[in-house]
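Here is the structure we will look at, set down as structure tokens.
The values are calculated or read from the model by the stated rules, or taken from the named source; none is laboratory data. These figures come from a predicted structure and were not determined experimentally. Here Cβ is always computed from backbone atoms with ideal geometry, including for glycine, and neighbour counts include all displayed protein chains. What goes into the accessible areas is simple: the full protein's heavy atoms, side chains included, and nothing from ligands, DNA or RNA. Shrake-Rupley method; radii C 1.70, N 1.55, O 1.52, S 1.80 Å.
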Amino acid sequence: MQNVINALRVLEEVAHRQPIGVGELARGLGLPKSTVQRSLKTLHEAGWIRPAGGEVTRWQVTSKALQVARRTELGLRDAAVPVMEELRQRTGETIHLMVPEGDAVVLIERLETDKPLRIVLPLGIRLPLHASANGKAVLAHLGRSPDELPAYTGTTITDPGALRAELDAVLRRGYADNRGEWRADIAAVAAAVLGPGGPIASLSVSIPASRMTEELRAEYGKLVTQAARTLGRELVNA
């Protein structure tokens with residue numbers, strides 16, 4: 001099992017820092033060079049990495065790694081878009097699909113509102129787990145908290161105890177909300193899309209803070225929770 005874990009760590013480091021040599025990998029991962037060499041040999045034979053060329057052998061990922069990641073993301077998007085479209089029709093607002101990545105969630109799909117006053121976030125943007133509705137929806141199911149809780153606005157939760165209480169509330173009601181905690185002009189509600197191993201994504205309804213009333217917050221919270229459960233069931237049964 002440890003050999004598999006080491007190989008996966010090496011693959012992740014190559015993908016992050018490619019092209020990269022054995023010495024750099026060993027130093028970055030805190031592993032012996034011999035261990036890194038074995039992992040590289042295994043990954044190369046399996047077609048996950050290849051030499052990048054040059055006098056000193058440096059490694060980079062192959063299209064195999066990229067294709068697997070692409071297929072995974074496309075499968076999630078394909079299942080999510082119809083659910084997102086129905087949620088957009090029922091709310092009339094912008095719908096976001098995000099996936100967890102480290103101490104952040106990453107936006108991989110959005111369906112925008114037709115209203116002239118809207119929130120537009122670029123695909124690929126990373127939002128902090130503790131200061132976004134999508135992030136808190138995921139974080140509530142992870143059983144951990146980020147090491148740091150930086151403040152982005154005056155309403156960002158920066159106290160670990162207060163964050164734990166907030167995440168408990170998320171679990172009770174089924175959805176998370178954002179009251180201008182990342183950007184003061186954005187309000188949102190979000191729910192985690194759960195798989196057998198925990199949260200795999202989150203769906204949110206995101207609107208300008210000026211439009212979010214307490215009544216809408218509760219209404220949209222119920223709708224996004226239902227949508228996230230529907231998507232979770234479809235992914236499990238796919």
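How many angstrom lie between the C-alpha centres of the range 89-158 and the range 1-33?
The two parts, judged by their Cα centres, are 30 Å apart.
Counting pairs on different chains as well as pairs 8 or more places apart, how many Lys pairs in the chain have Cα atoms under 22 Å apart?
4
May I ask you to evaluate 6.51 cos²θ - 1.76 cosθ + 1.60, the Karplus curve with θ = phi - 60°, for each residue of the range 30-43 and list the ³J(HN,Hα) values in order in whole Hz, giving x for glycine and proline?
Ordered by residue, 3J(HN,Hα) equals x, 10, x, 4, 4, 5, 5, 4, 5, 5, 4, 4, 5, 5 Hz.
Filter the GluC sites (Glu not before Pro) in the range 11-56 to those in DSSP coil with at most 11 other Cβ atoms within 10 Å of their Cβ, and list the result.
Sites meeting the loop and neighbour criteria: E55.
How about the range 82-173: which GluC sites (Glu not before Pro) there are in a DSSP loop, with at most 12 other Cβ atoms within 10 Å of their Cβ?
Sites meeting the loop and neighbour criteria: E148.
For a label point 7 angstrom out from the Cα of S145 toward its Cβ, which stretches of the range 107-128 have the backbone nitrogen within less than 17 Å?
128
What accessible area per residue comes out for the range 165-207, rounded to a whole number of Å², with a 1.4 Å probe?
35
For the chain, give the percent of accessible area contributed by carbon and sulfur heavy atoms, probe 1.4 Å, rounded to a whole number.
Within the chain, the accessible surface is 53 percent carbon and sulfur.
Please work out how much length the chain gains when fully extended from A52 to D78, using 0.36 nm per residue of separation minus the C-alpha to C-alpha distance, in nm with one decimal.
6.0 nm
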